[in-house]
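*Asks:* Submitted below is the structure of interest, expressed as structure tokens.
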Amino acid sequence: MPLYRSHVLVCGGTGCTSGGSDKIYDAFLKEIESFNLKDEVQVICTGCFGLCAEGPIVIVYPEGAFYSRVADSDVKEIVEEHLLKGRIVKRLLYKESLEEGQIKSLNEVKFYKKQMRIALRNCGVINPENIEEYIAYDGYKALAKVLTEMTPEQVIDWVKRSGLRGRGGGGFPTGLKWEFAAKAPGNVKYVVCNADEGDPGAYMDRSILEGDPHSVIEAMAIAGYAIGSKQGYVYVRAEYPLAVKRLEIAINQAREYGLLGKNILGTDFEFDIEIRLGAGAFVCGEETALMTSIEGHRGEPRPRPPFPAVKGLWGKPTLLNNVETYANIPVIILKGPEWFASIGTEKSKGTKVFALVGKVNNTGLIEVPMGTTVREIVEDIGGGIPGGKKFKAVQTGGPSGGCIPASLMDTPIDFDSLTALGTMMGSGGMIVMDEDTCMVDIAKFFLEFTVDESCGKCPPCRIGTRRMLEILQKITSGNGTMEDIEKLEELAYSIKDSALCGLGQTAPNPVLSTLRYFRDEYEAHVKEKRCPAGACKALLRIVIDRDLCKGCGICAKNCPANAITGQIKKPFEIDQEKCIKCGVCIEKCPFKAISKKA
């Protein structure tokens, strides 16, 4: 293997790629070639580094220089100054990565300091399209260990003792699920990976597939050995082309290296994996709907029991876990169940990956030990709220979850504490909201998503959620009544109790949690016809302060509705009937004379 004096790691996750990291990668290859450095410097396209807000990101080793917001036009300077002359380009360094003239290690940067990367261990470290790099980081060592040193029963016992719970939603004990599938009668069994990640704001599983696909393949093979299966399927959204591409490459490489197929690693174990593309239906994230879709039918859920471990894909026992759950398995096998169980809280072991998005400075992909508080995530890792605004709430669990208010910021995050707060872990979406967010409007946003994505099979979900949405629309338009709030709550509980699948049963959660913590906002919309956050357009007025207005007319020129009139050098006025509350006039006014009134 050739040795290089420097390694240039270019983030190849979807976020940085959309910012042009593919051009940056090509530019490095070109410049390194032109300076005749190709035998000294290796350029590697990796998975996501996590700090998406600062992308595209480039890290140069051995110094560990963390360059952020890099453009392809910056590449020549990095090559000339850093790689050729040994002078780090300080203007491109991430602001917190330099301390007293010295480069901080990545683990010392605030964004990473409280993180612990287990599922994301190889993302941003290896080239996901090169199996040899995965092997160099102990890849497939866990598979070799279970095939040569452990019985299937021992593997299941280790997964049970690790305390790993499913990272896809409800947090069911993974080892127990594996044991059910192993004990289910039948010679044909299946292993399925749920990579249908459709929650708004969530991209954890997609990033793992993009950055470390072999970890999922290895874990599925281990699961196949443990339960007695020869065939696995990865159900992934077709809208994730980069994840699909890298997964296809990884599967083909694993076959070439004898890590999938027959006689794996010289044993009599046989296992292979196929990809099934989903069309982007949210309901297909529900396990029975997902399996129905793999079978070639419309993706609709079916009643349980029987559970998939007993009667799943084509009526055969099926083990189904999501991407992040599988990504933990090889590490548990290599480091032992006690090591994994030592991380996290009493009933929630290990770490959790979150997609931290919304009104927070450092948006991105993070992985923290279970038990980390909301405050630590928002303030220490996320860097707080932009613009000096106040933190208002964080929404977890996507459309199936709920909102945690600022008063509960010190709550340690784990499966049980979130459930106690009326929300859930879900797959790991975490949306931060500031004081300008209307919680009634947020509830409406998630319900709109649920209504659009309902498969329509059961009336409580198909009809009930639509009735709830109509009530929310009525309230946010200023026409709601107190009886509407009561009716909304009653409907929510009724749907929770009667919907067919987990998605329908959890759809009312955003409404119930906002009613629980922000009921005063609902009542302000109804009683005072006022939106306290100033977000609901129907309840807003945009007004001009006559004392501050200089009569320049810029607002009138930019108003798309021709709602502003007046004479130059005299205060202008807004016709509230014509105003569409777009806020363009507020942005354009040079004298800050225009504002929103709730």
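*Asks:* Scanning region 134-151 for residues that are in a helix (DSSP H, G or I) and more than 17 Å from L260 (Cα to Cα), which turns out most open to solvent (accessible area, probe 1.4 Å)?
*Replies:* E149
*Asks:* Name the single residue that is modelled with the lowest pLDDT among those in region 458-489 being open to solvent by less than 40 Å² (accessible area, probe 1.4 Å), outside any helix (DSSP H, G or I) and under 19 Å from D520 (Cα atoms).
*Replies:* G478
*Asks:* For Y235, which of the numbered conditions (1) at pLDDT 95 or above; (2) open to solvent by 10 Å² or more (accessible area, probe 1.4 Å) fails to hold?
*Replies:* Among (1) at pLDDT 95 or above; (2) open to solvent by 10 Å² or more (accessible area, probe 1.4 Å), the lone unmet condition for Y235 is (2).
*Asks:* Do we find a residue being of a type in the set (S, T, Y), over 28 Å from K389 (Cα atoms) and in contact with a Cys (Cβ under 8 Å, 6 or more places away or on another chain) anywhere in region 453-468?
*Replies:* yes
*Asks:* Within region 117-126, does at least one residue satisfy the condition of being assigned to a loop (DSSP other than H, G, I, E, B), of a type in the set (D, E, K, R), open to solvent by 10 Å² or more (accessible area, probe 1.4 Å) and modelled with pLDDT under 95?
*Replies:* no
*Asks:* Could you please give the count of residues in region 436-457 that are at pLDDT below 95, assigned to a loop (DSSP other than H, G, I, E, B) and not small (G, A, S)?
*Replies:* Number satisfying all stated conditions: 3.
*Asks:* Please work out if G50 is of a type in the set (G, A, S), surrounded by fewer than 19 Cβ atoms within 10 Å (Cβ to Cβ) and in contact with a Leu (Cβ under 9 Å, 6 or more places away or on another chain).
*Replies:* Judged against the criteria, G50 is not a match.
*Asks:* Do we find that A226 is modelled with pLDDT of 95 or more, of a type in the set (G, A, S), within 20 Å of N321 (Cα to Cα) and buried (at least 24 other Cβ atoms within 10 Å of the Cβ) in this structure?
*Replies:* Spelling it out, A226 is indeed modelled with pLDDT of 95 or more, of a type in the set (G, A, S), within 20 Å of N321 (Cα to Cα) and buried (at least 24 other Cβ atoms within 10 Å of the Cβ).
*Asks:* While we're on this one: I'd like to check something: does region 277-299 contain any residue that is among the aromatic types (F, W, Y), at pLDDT 95 or above and in contact with a Gly (Cβ under 7 Å, 6 or more places away or on another chain)?
*Replies:* Scanning region 277-299 turns up no residue that is among the aromatic types (F, W, Y), at pLDDT 95 or above and in contact with a Gly (Cβ under 7 Å, 6 or more places away or on another chain).
*Asks:* Further question on the same structure: Of all residues in region 518-558 being at negative phi and of a type in the set (G, A, S), which is most open to solvent (accessible area, probe 1.4 Å)?
*Replies:* The qualifying residue most open to solvent (accessible area, probe 1.4 Å) is A538.
*Asks:* Can I ask one more? Return the residue satisfying two criteria in turn: it lies in region 359-384 and is touching a Gly at 6+ places or on another chain (Cβ under 6 Å) and open to solvent by 30 Å² or more (accessible area, probe 1.4 Å), and of such residues it is farthest from R117 (Cα to Cα).
*Replies:* Ranking the candidates gives N361 first.
*Asks:* Would you be able to say whether some residue in region 282-297 is within 23 Å of C123 (Cβ to Cβ), of a type outside the set (F, W, Y) and touching a Ser or Thr at 6+ places or on another chain (Cβ under 9 Å)?
*Replies:* Looking through region 282-297, at least one residue is within 23 Å of C123 (Cβ to Cβ), of a type outside the set (F, W, Y) and touching a Ser or Thr at 6+ places or on another chain (Cβ under 9 Å).
*Asks:* Can you tell me how many residues in region 164-198 are within 23 Å of F415 (Cα to Cα) and basic (K, R)?
*Replies:* Within region 164-198, residues that are within 23 Å of F415 (Cα to Cα) and basic (K, R) number 3.
*Asks:* Then there is this: Exactly one of these conditions fails for A561: (1) buried (at least 16 other Cβ atoms within 10 Å of the Cβ); (2) within 30 Å of F446 (Cβ to Cβ); (3) more than 33 Å from the chain's Cα centre (by Cα). Give me its number.
*Replies:* Single failed check for A561: (1).
*Asks:* For region 22-47, name all the residues that are among the polar types (S, T, N, Q) and open to solvent by 40 Å² or more (accessible area, probe 1.4 Å).
*Replies:* Within region 22-47, S34, N36, Q42 qualify.
*Asks:* Can you pull out the residues in region 410-420 that are free of Cβ contacts under 8 Å to residues at least 40 places away in the same chain and assigned to a loop (DSSP other than H, G, I, E, B)?
*Replies:* Across region 410-420, the qualifying residues are D410, T411.
*Asks:* Further question on the same structure: Somewhere in region 170-186, is a residue under 17 Å from the mean Cα position of the chain (by Cα), closer than 30 Å to G397 by Cα, open to solvent by 10 Å² or more (accessible area, probe 1.4 Å) and touching a residue at least 24 places away in the same chain (Cβ under 8 Å)?
*Replies:* Checking region 170-186: at least one residue is under 17 Å from the mean Cα position of the chain (by Cα), closer than 30 Å to G397 by Cα, open to solvent by 10 Å² or more (accessible area, probe 1.4 Å) and touching a residue at least 24 places away in the same chain (Cβ under 8 Å).
*Asks:* Now, a different point. Which one of the conditions (1) exposed (fewer than 14 other Cβ atoms within 10 Å of the Cβ); (2) more than 24 Å from R530 (Cβ to Cβ) does F572 fail to meet, given that it meets all the rest?
*Replies:* The single condition F572 does not satisfy is (1).
*Asks:* For region 490-578, which helices (runs of 4 or more DSSP H) that fit wholly inside it have 3 or more residues that are at pLDDT 95 or above and within 30 Å of R304 (Cβ to Cβ)?
*Replies:* Once the helices (runs of 4 or more DSSP H) in region 490-578 are filtered for at least 3 residues that are at pLDDT 95 or above and within 30 Å of R304 (Cβ to Cβ), what remains is 509-517.
*Asks:* Anything in region 421-464 that is of a type in the set (D, E, K, R) and in contact (Cβ under 8 Å) with a residue 60 or more places away in the chain? List them, or say none.
*Replies:* D434, E435, D436, D441, E453, K457
*Asks:* To continue, here is another question. Return the pairs, sorted by first residue and then second, in which the second residue is surrounded by fewer than 18 Cβ atoms within 10 Å (Cβ to Cβ) and not charged (D, E, K, R), the first residue lies in region 251-279 and is in a strand (DSSP E or B), the beta carbons are less than 6 Å apart, and the residues are 6+ apart or on different chains.
*Replies:* D272/G261; L277/A238
*Asks:* With the condition kept exactly as written, say whether any residue in region 239-255 is within 23 Å of M425 (Cβ to Cβ) and either over 22 Å from the mean Cα position of the chain (by Cα) or at pLDDT below 95 (or both).
*Replies:* Scanning region 239-255 turns up at least one residue that is within 23 Å of M425 (Cβ to Cβ) and either over 22 Å from the mean Cα position of the chain (by Cα) or at pLDDT below 95 (or both).
*Asks:* Right, here's the next one. Just need a number here: residues in region 65-95 that are of a type outside the set (A, V, I, L, M) and surrounded by 17 or more Cβ atoms within 10 Å (Cβ to Cβ).
*Replies:* The total comes to 7.
*Asks:* Please go through region 401-417 and give me each residue that is open to solvent by less than 40 Å² (accessible area, probe 1.4 Å) and closer than 16 Å to G170 by Cβ, ordered by number.
*Replies:* Scanning region 401-417 gives G401, G402, I413, D414, F415, S417.
The values are calculated or read from the model by the stated rules, or taken from the named source; none is laboratory data. A quick note: this is a predicted structure, and the numbers were derived from the prediction, not measured. Reconstructed Cβ throughout: ideal geometry from the backbone, glycine too, with neighbour counts over all protein chains shown. These area figures cover heavy atoms from the full protein model, side chains too; ligands, DNA and RNA do not enter into them. Shrake-Rupley method; radii C 1.70, N 1.55, O 1.52, S 1.80 Å.
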